[in-house]
């Protein structure tokens, strides 16, 4: 899980750097295309179907579409917000996932779960107030990226457990590739050599981030490993301060702590309740 968190933090750092010269839609396209090219031979080698079971295809398509929207919004907000803030807000998705699971999967919330949702949202308020004097529209888009990511998580819960995680991820990457392809004419720019290196960093970091986090969640209790996924936003706060001059105030750090506390305890509760939780980011 720590390896996956570091890989995702490198991915978002590369996104921030390359967004200086390329539009976010182009970054989404190359990230998704690289993911497909890395997944396809692996699935062939392991003899895993790229289409999956017929009864699950509709759910996997919807999961892929919601993941594509989440990814597009996430990369877009990384270009316009401080790096750590953009990533931390995207990592509020387990909170929305818990809320949607109550409504769509008929899960019964405990008092602990409800209280942790409120704790996490108070963290969001502190995080935002600590960096912005007034409302910033990009903050809403960052939270929307978390909302769509949480929809993807809930859909993953509804997908039959026989389905390979690689098939589910392939739907996500292929739909994101096709979807972003249609947006490329809006402002395509040919990358220079450094841009290509950064795009490779985005694609490879994302691939191994998803792979390592998925393996961690399959081989250890989510309540044990989930808190370590928050190394990603913590590292991004550090990257932002070092490379982009982002300011870390006491409010920002307190807000981040409350979001991490709430998300970790939500993962603990859902694991103890026997729920199948998936918190691998849409990155």
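So, residue 231, is that one part of a helix (DSSP H, G or I) and either within 29 Å of residue 20 (Cβ to Cβ) or at pLDDT 95 or above (or both) or not?
yes
Read through the list (1) surrounded by 15 or more Cβ atoms within 10 Å (Cβ to Cβ); (2) farther than 15 Å from residue 145 by Cβ; (3) modelled with pLDDT of 90 or more, then give the number of the only condition that residue 88 fails.
(2)
For residue 49, state whether it is surrounded by fewer than 22 Cβ atoms within 10 Å (Cβ to Cβ) and part of a loop (DSSP other than H, G, I, E, B).
Answer is yes for this residue.
Looking at the range 113-136, I want the residues that are at positive phi and in contact (Cβ under 8 Å) with a residue 24 or more places away in the chain and have a partner that is in a loop (DSSP other than H, G, I, E, B) and surrounded by 14 or more Cβ atoms within 10 Å (Cβ to Cβ) with Cβ atoms under 8 Å, at least 6 apart or on another chain. Which pairs are those?
That search, which allows pairs on different chains as well, returns nothing.
If the Cβ limit is 7 Å and pairs must be 6+ apart or interchain, which residue in the range 216-229 that is closer than 13 Å to residue 165 by Cα pairs with which residue that is outside any helix (DSSP H, G or I)?
Sorted first by the residue in the range 216-229, then by its partner, the pairs are 216/1; 217/278.
In the set 148, 170, 121, which member is under 19 Å from the mean Cα position of the chain (by Cα), surrounded by 13 or more Cβ atoms within 10 Å (Cβ to Cβ) and farther than 23 Å from residue 30 by Cβ?
Exactly one residue qualifies, and that residue is 121.
Okay, residues lined up against (1) at pLDDT 90 or above; (2) closer than 21 Å to residue 74 by Cα; (3) surrounded by fewer than 23 Cβ atoms within 10 Å (Cβ to Cβ):
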site	(1), (2), (3)
166	no, no, yes
180	yes, yes, no
186	no, yes, yes
189	yes, yes, yes
194	yes, no, yes
202	yes, yes, no
219	no, no, yes
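Would you call residue 27 surrounded by fewer than 21 Cβ atoms within 10 Å (Cβ to Cβ), under 17 Å from the mean Cα position of the chain (by Cα) and more than 23 Å from residue 161 (Cα to Cα)?
When the stated conditions are applied, residue 27 does not pass them.
Could you list, in sequence order, the residues of the range 241-252 that are under 23 Å from residue 121 (Cα atoms) and in contact with a helix residue (DSSP H, G or I) (Cβ under 8 Å, 6 or more places away or on another chain)?
246, 247, 248, 251, 252
The values are calculated or read from the model by the stated rules, or taken from the named source; none is laboratory data. Not measured: the values here are computed from a predicted model. Cβ atoms come from the backbone with ideal geometry, glycine included; neighbour counts cover every protein chain shown.
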